[in-house]
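First comes the structure, then the notes that go with it.
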(Lines give C-alpha, C1' and ligand atoms only; values in the text may rest on other atoms or scores of the structure.)
Protein backbone atom coordinates (compact mmCIF):
# COMPACT_ATOMS: atom_id res chain seq x y z
CA UNK A 1 0.00 0.00 0.00
CA UNK A 2 2.75 2.44 0.86
CA UNK A 3 4.49 1.86 -2.47
CA UNK A 4 1.28 2.94 -4.23
CA UNK A 5 1.13 6.11 -2.12
CA UNK A 6 4.76 6.87 -2.89
CA UNK A 7 4.07 6.35 -6.61
CA UNK A 8 1.09 8.71 -6.46
CA UNK A 9 3.03 11.42 -4.63
CA UNK A 10 5.91 11.16 -7.11
CA UNK A 11 3.47 11.34 -10.04
CA UNK A 12 1.72 14.42 -8.65
CA UNK A 13 5.06 16.15 -8.07
CA UNK A 14 6.23 15.34 -11.61
CA UNK A 15 2.98 16.64 -13.12
CA UNK A 16 3.16 19.82 -11.02
CA UNK A 17 6.76 20.44 -12.08
CA UNK A 18 6.00 19.62 -15.72
CA UNK A 19 2.92 21.81 -16.08
CA UNK A 20 3.78 24.39 -13.44
CA UNK A 21 1.47 27.40 -13.61
CA UNK A 22 0.38 26.69 -17.20
CA UNK A 23 -3.28 26.35 -17.87
CA UNK A 24 -3.93 22.71 -18.87
CA UNK A 25 -7.03 20.57 -19.03
CA UNK A 26 -7.62 18.69 -15.77
CA UNK A 27 -8.41 15.56 -17.78
CA UNK A 28 -4.96 15.64 -19.45
CA UNK A 29 -3.23 16.24 -16.10
CA UNK A 30 -5.12 13.34 -14.48
CA UNK A 31 -4.23 11.00 -17.35
CA UNK A 32 -0.57 11.95 -17.09
CA UNK A 33 -0.71 11.49 -13.28
CA UNK A 34 -2.24 8.04 -13.74
CA UNK A 35 0.38 7.02 -16.30
CA UNK A 36 3.27 8.21 -14.16
CA UNK A 37 1.76 6.56 -11.07
CA UNK A 38 1.61 3.23 -12.89
CA UNK A 39 5.19 3.55 -14.16
CA UNK A 40 6.56 4.42 -10.71
CA UNK A 41 4.48 1.62 -9.12
CA UNK A 42 5.98 -0.85 -11.59
CA UNK A 43 9.46 0.38 -10.72
CA UNK A 44 8.70 -0.03 -7.00
CA UNK A 45 7.19 -3.51 -7.61
CA UNK A 46 3.95 -2.47 -5.94
CA UNK A 47 1.55 -5.33 -5.19
CA UNK A 48 -1.47 -5.63 -7.49
CA UNK A 49 -3.77 -6.97 -4.79
CA UNK A 50 -3.96 -8.20 -1.24
CA UNK A 51 -1.37 -10.74 -0.25
CA UNK A 52 -2.67 -14.22 0.42
CA UNK A 53 -1.19 -16.67 2.83
CA UNK A 54 0.59 -19.50 1.08
CA UNK A 55 -0.71 -23.01 1.66
CA UNK A 56 1.85 -25.01 3.62
CA UNK A 57 3.77 -28.04 2.51
CA UNK A 58 3.51 -31.15 4.64
CA UNK A 59 6.63 -33.16 5.38
CA UNK A 60 5.45 -36.61 6.42
CA UNK A 61 7.83 -39.18 7.86
CA UNK A 62 7.67 -42.32 5.70
CA UNK A 63 9.92 -44.53 7.83
CA UNK A 64 8.95 -47.94 9.10
CA UNK A 65 9.32 -46.71 12.68
CA UNK A 66 5.62 -45.78 12.54
CA UNK A 67 4.82 -49.49 12.47
CA UNK A 68 6.99 -50.75 15.33
CA UNK A 69 4.08 -52.75 16.64
CA UNK A 70 2.90 -54.84 13.69
CA UNK A 71 -0.64 -55.05 15.08
CA UNK A 72 -1.08 -51.33 15.75
CA UNK A 73 -1.00 -48.74 12.98
CA UNK A 74 -3.04 -46.15 14.88
CA UNK A 75 -0.13 -43.66 14.92
CA UNK A 76 0.17 -43.86 11.13
CA UNK A 77 -3.57 -43.43 10.71
CA UNK A 78 -3.48 -40.40 13.02
CA UNK A 79 -0.62 -38.93 10.97
CA UNK A 80 -2.44 -39.40 7.66
CA UNK A 81 -5.56 -37.85 9.20
CA UNK A 82 -3.45 -34.86 10.29
CA UNK A 83 -2.14 -34.60 6.72
CA UNK A 84 -5.67 -34.53 5.31
CA UNK A 85 -6.81 -31.95 7.88
CA UNK A 86 -3.97 -29.56 7.11
CA UNK A 87 -5.10 -28.92 3.51
CA UNK A 88 -1.54 -28.69 2.30
CA UNK A 89 -0.43 -27.62 -1.13
CA UNK A 90 1.97 -30.57 -1.45
CA UNK A 91 2.99 -33.58 0.58
CA UNK A 92 6.70 -34.34 0.84
CA UNK A 93 7.33 -37.80 2.22
CA UNK A 94 10.77 -38.08 3.74
CA UNK A 95 12.78 -41.05 4.88
CA UNK A 96 15.41 -42.59 2.61
CA UNK A 97 14.77 -39.64 0.27
CA UNK A 98 12.36 -36.73 -0.04
CA UNK A 99 9.67 -37.13 -2.68
CA UNK A 100 6.50 -35.24 -3.51
CA UNK A 101 3.26 -37.21 -3.35
CA UNK A 102 -0.39 -36.37 -3.91
CA UNK A 103 -1.46 -38.64 -1.06
CA UNK A 104 0.41 -40.34 1.75
CA UNK A 105 1.64 -43.82 0.91
CA UNK A 106 2.41 -46.54 3.46
CA UNK A 107 5.63 -46.08 5.44
CA UNK A 108 8.36 -48.27 3.96
CA UNK A 109 11.66 -46.38 4.26
CA UNK A 110 14.53 -47.60 6.43
CA UNK A 111 15.82 -44.11 7.29
CA UNK A 112 14.08 -40.98 8.52
CA UNK A 113 16.07 -38.02 7.14
CA UNK A 114 14.03 -34.80 7.35
CA UNK A 115 16.84 -32.56 6.03
CA UNK A 116 15.99 -32.72 2.31
CA UNK A 117 12.35 -31.80 2.99
CA UNK A 118 13.39 -28.85 5.16
CA UNK A 119 15.83 -27.66 2.48
CA UNK A 120 13.15 -27.85 -0.22
CA UNK A 121 10.72 -25.78 1.84
CA UNK A 122 13.32 -23.18 2.79
CA UNK A 123 14.52 -22.87 -0.81
CA UNK A 124 10.98 -22.27 -2.04
CA UNK A 125 9.99 -20.00 0.85
CA UNK A 126 6.97 -22.16 1.66
CA UNK A 127 5.57 -22.80 5.14
CA UNK A 128 6.32 -26.34 6.31
CA UNK A 129 4.47 -28.66 8.66
CA UNK A 130 6.53 -31.67 9.76
CA UNK A 131 4.64 -34.73 10.97
CA UNK A 132 6.78 -37.51 12.38
CA UNK A 133 6.80 -40.17 15.06
CA UNK A 134 9.84 -38.43 16.54
CA UNK A 135 12.40 -41.00 15.40
CA UNK A 136 14.32 -38.63 13.11
CA UNK A 137 17.86 -39.42 11.92
CA UNK A 138 18.91 -35.77 11.56
CA UNK A 139 17.06 -33.68 14.18
CA UNK A 140 19.68 -30.92 13.81
CA UNK A 141 18.21 -30.08 10.40
CA UNK A 142 15.09 -28.89 12.23
CA UNK A 143 17.23 -26.06 13.65
CA UNK A 144 16.87 -24.35 10.27
CA UNK A 145 13.16 -23.92 11.05
CA UNK A 146 13.80 -22.07 14.29
CA UNK A 147 12.66 -18.59 13.30
CA UNK A 148 8.92 -18.99 13.79
CA UNK A 149 8.48 -22.54 14.88
CA UNK A 150 6.38 -24.08 17.61
CA UNK A 151 5.57 -27.55 18.82
CA UNK A 152 1.96 -28.60 19.23
CA UNK A 153 2.17 -27.58 22.90
CA UNK A 154 2.92 -23.99 21.85
CA UNK A 155 6.51 -23.93 23.09
CA UNK A 156 9.45 -22.98 20.84
CA UNK A 157 10.66 -26.11 19.07
CA UNK A 158 14.23 -26.65 18.00
CA UNK A 159 16.18 -29.87 17.80
CA UNK A 160 17.88 -28.88 21.07
CA UNK A 161 14.51 -28.15 22.69
CA UNK A 162 13.15 -31.51 21.52
CA UNK A 163 16.24 -33.26 22.88
CA UNK A 164 15.95 -31.47 26.25
CA UNK A 165 12.33 -32.56 26.48
CA UNK A 166 13.42 -36.13 25.73
CA UNK A 167 11.24 -36.38 22.65
CA UNK A 168 13.77 -35.96 19.85
CA UNK A 169 14.04 -39.70 19.28
CA UNK A 170 10.65 -41.07 20.25
CA UNK A 171 7.33 -39.27 20.22
CA UNK A 172 3.89 -40.34 19.16
CA UNK A 173 3.59 -37.24 16.99
CA UNK A 174 5.67 -34.10 16.68
CA UNK A 175 4.06 -31.45 14.57
CA UNK A 176 6.26 -28.49 13.77
CA UNK A 177 5.01 -25.63 11.75
CA UNK A 178 6.87 -22.78 10.14
CA UNK A 179 4.88 -19.66 9.37
CA UNK A 180 5.84 -16.57 7.43
CA UNK A 181 9.05 -17.66 5.76
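The values are calculated or read from the model by the stated rules, or taken from the named source; none is laboratory data. As the structure is a prediction and not an experimental result, all values here were calculated from the model. Positions of Cβ are backbone-derived with ideal geometry, glycine not excepted, and every protein chain shown enters the neighbour counts.
Could you tell me whether residue 88 is touching a helix residue (DSSP H, G or I) at 6+ places or on another chain (Cβ under 7 Å) and either surrounded by 12 or more Cβ atoms within 10 Å (Cβ to Cβ) or touching a residue at least 24 places away in the same chain (Cβ under 8 Å) (or both)? So residue 88 does not fit the description; no.
For (1) more than 13 Å from the chain's Cα centre (by Cα); (2) touching a residue at least 24 places away in the same chain (Cβ under 8 Å), each residue gets a yes or a no:
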| residue | (1), (2) |
| --- | --- |
| 55 | no, yes |
| 76 | yes, yes |
| 83 | yes, yes |
| 95 | yes, yes |
| 105 | yes, yes |
| 125 | no, yes |
| 131 | yes, yes |
| 140 | yes, no |
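Could you please find all residues in region 27-69 being in contact with a strand residue (DSSP E or B) (Cβ under 7 Å, 6 or more places away or on another chain) and part of a loop (DSSP other than H, G, I, E, B)? Steps first, please.
Within region 27-69, the first condition is being in contact with a strand residue (DSSP E or B) (Cβ under 7 Å, 6 or more places away or on another chain), and the residues that meet it are 56-64.
Residues satisfying the conditions are 56, 62.
Being in a loop (DSSP other than H, G, I, E, B) and either in contact with a strand residue (DSSP E or B) (Cβ under 6 Å, 6 or more places away or on another chain) or farther than 13 Å from residue 63 by Cβ (or both): is that true of residue 97 here? No: the conditions fail for residue 97. Does region 121-128 contain any residue that is modelled with pLDDT of 80 or more, in a strand (DSSP E or B), in contact with a helix residue (DSSP H, G or I) (Cβ under 6 Å, 6 or more places away or on another chain) and surrounded by 15 or more Cβ atoms within 10 Å (Cβ to Cβ)? Looking for residues that are modelled with pLDDT of 80 or more, in a strand (DSSP E or B), in contact with a helix residue (DSSP H, G or I) (Cβ under 6 Å, 6 or more places away or on another chain) and surrounded by 15 or more Cβ atoms within 10 Å (Cβ to Cβ), one finds at least one in region 121-128, hence yes.
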